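Participant: I'd like to ask some things about the structure below.
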Amino acid sequence: MKKIPIIFDCDPGHDDAIALVMALAREDWDIKAITTVGGNNTIKNVTENALRILEVTGRTDIPVASGMEGPFLKELVQTGKFHGKSGMDGHHLPDPVTKAASDDAVGLMAKILEESDEPVTLIITGVFTNVAVLLLAYPHLKSKISKISIMGGSYYRGNWSPIAEFNVWADPEAADVVMRAGIPFDMYGLDVTHQAYLKREEYAELRTYNNPVADFIADLFDFFSKSCIEDRGHPGCLVHDACAVAGLIDPSLFRYIDTHVQMDMDGDITRGGCVVELRPKGWPRDDEVNSKVAVWVDRIGFMKLLLDSCAYFGKKEV
Ligand code: RIB
Ligand code: CA
């Protein structure tokens, strides 16, 4: 079976971890590297969390490389209590025993792209800084990227500000570089990720799988649900980042619009917001379309895919 080459850039992060487990359950995917970026927490913590995830899933064969500590222009603002002190509070995994293969995520991404005999799919579930540096430093490698699947942005409302979603708000210049690179990107913004939730009674099923990965994910849901349900009043635990993986696995779970997305970097109030073209027919012009923006998800189908991905690790020697 020809496998799909993937580079997964993230800032674990509870929902990053769930997205990673969904990706690691794919036997038709060849995950070339997990690269980390300062975002939810420090580069040290998110990298250690990525190592923990590969250890609990038995995939320490995949190299981890740490990348940019913070955004282009400003100090990193972390997501704090939403993901806790470690960036992934609530788990019961030990400190990682493996080490990152490199502290040059961008260099490793470039090497993988150079050496790949076919275009690679990029997944971004954290701040966009690593991928932006890659595109600026190695523009000739754009042709080796088949598509980018991003969790980020929104067209209706923000979370880190009234208008801005965290991943693009934290480094809007980096998000702008990615959006204007000329590489097609699928955008899973808050508009769809707020539909992609699991209720407590739904993810409780994980505890019946009797496998350490499912238990790990259940622990993450228990912690992350507090900020989603109690603090923000959502009907369940929002699994933002998993949408960027689920859409690659089964795009039929989503409805998309082909349109133009750009970043606001200069607004006093709106800096970090996404401007998504939603005007009726005739807009955007065909040559302006740069993104498939997900607008709806089959929540039950999404949930089943997520739960099945966790069950997968009970069927194989981890
Ligand atoms: O806004 C949601 C995003 O911010 C997710 O990637 C989550 O992990 C946090 O980083
Ligand atoms: Ca994330």
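Participant: Given the criteria within 16 Å of ligand 1 (Cβ to nearest atom) and among the basic types (Lys, Arg), does Lys81 qualify?
Facilitator: yes
Participant: Here is a further query. May I ask you to list the residues in segment 224-246 that are away from ligand 1 (no atom under 12 Å from the Cβ) and touching a His at 6+ places or on another chain (Cβ under 8 Å)?
Facilitator: Matches in segment 224-246: His234 only.
Participant: Taking Lys3 and the conditions (1) closer than 23 Å to Asp308 by Cα; (2) within 14 Å of the chain's Cα centre (by Cα), which numbered condition does it fall short on, given that it satisfies the others?
Facilitator: (2)
Participant: If you go through segment 133-154 one residue at a time, how many are within 16 Å of ligand 2 (Cβ to nearest atom) and under 15 Å from Met263 (Cβ atoms)?
Facilitator: 5
Participant: Further question: For segment 147-161, which residues satisfy the criterion of being surrounded by fewer than 19 Cβ atoms within 10 Å (Cβ to Cβ), in a loop (DSSP other than H, G, I, E, B) and not hydrophobic (A, V, I, L, M, F, W, C)?
Facilitator: Passing the criteria: Tyr156, Arg157, Ser161.
Participant: When only residues in segment 1-28 that are away from ligand 2 (no atom under 14 Å from the Cβ) and under 19 Å from Val213 (Cα atoms) count, which is surrounded by the most Cβ atoms within 10 Å (Cβ to Cβ)?
Facilitator: Step one: filter segment 1-28 for residues away from ligand 2 (no atom under 14 Å from the Cβ), giving 1-7, 24-28.
Restricting the remaining residues to those that are under 19 Å from Val213 (Cα atoms) gives 24-27.
On the way: Leu24: 24, Ala25: 22, Arg26: 17, Glu27: 10.
Filtering first and then ranking leaves Leu24.
Participant: Right, here's the next one. Considering each of Asp61, Asp11 in turn, give the residue that is in contact with a strand residue (DSSP E or B) (Cβ under 7 Å, 6 or more places away or on another chain), among the charged types (D, E, K, R) and either more than 16 Å from ligand 1 (Cβ to nearest atom) or under 22 Å from Ala137 (Cα atoms) (or both). Walk me through it before giving the result.
Facilitator: Values: Asp61 fails: in contact with a strand residue (DSSP E or B) (Cβ under 7 Å, 6 or more places away or on another chain).
From the options Asp61, Asp11, the qualifying one is Asp11.
Participant: Something else: Out of Leu73, Leu20, Leu24, report the one residue that is under 19 Å from Phe216 (Cα atoms) and more than 16 Å from ligand 1 (Cβ to nearest atom).
Facilitator: Leu24
Participant: While we're looking at this one, here's another question. So is Lys44 more than 21 Å from Cys310 (Cα to Cα), away from ligand 2 (no atom under 15 Å from the Cβ), out of contact with any His (no Cβ under 7 Å at 6 or more places or on another chain) and assigned to a helix (DSSP H, G or I) or not?
Facilitator: yes
Participant: Moving on to the next point. Suppose we filter Arg279, Arg207, Arg255 for residues that are in a helix (DSSP H, G or I) and of a type in the set (Lys, Arg); which single one remains?
Facilitator: The conditions single out Arg207.
Participant: When segment 166-188 is examined, which residues are found to be within 20 Å of Gly13 (Cα to Cα) and touching a strand residue (DSSP E or B) at 6+ places or on another chain (Cβ under 7 Å)?
Facilitator: Asn167, Val168, Pro172, Ala175, Met187, Tyr188
Participant: Here's another thing I want to ask about it. Would you mention how many residues in segment 229-252 are surrounded by fewer than 24 Cβ atoms within 10 Å (Cβ to Cβ) and assigned to a helix (DSSP H, G or I)? Spell out the reasoning first.
Facilitator: From segment 229-252, those surrounded by fewer than 24 Cβ atoms within 10 Å (Cβ to Cβ) are 229-236, 248-252; that's our starting set.
Retained after the next criterion (residues that are assigned to a helix (DSSP H, G or I)): 229-231, 248-249, 251-252.
Summing the residues that are surrounded by fewer than 24 Cβ atoms within 10 Å (Cβ to Cβ) and assigned to a helix (DSSP H, G or I) in segment 229-252 gives 7.
Values quoted throughout were computed directly from the atomic coordinates according to the rules given, and no laboratory measurement underlies them. Fair warning: this is a prediction, and the values are worked out from it, not measured in the lab. Don't worry about glycine lacking a Cβ; one is built from the backbone with ideal geometry, like all the others, and counts go over all protein chains shown.
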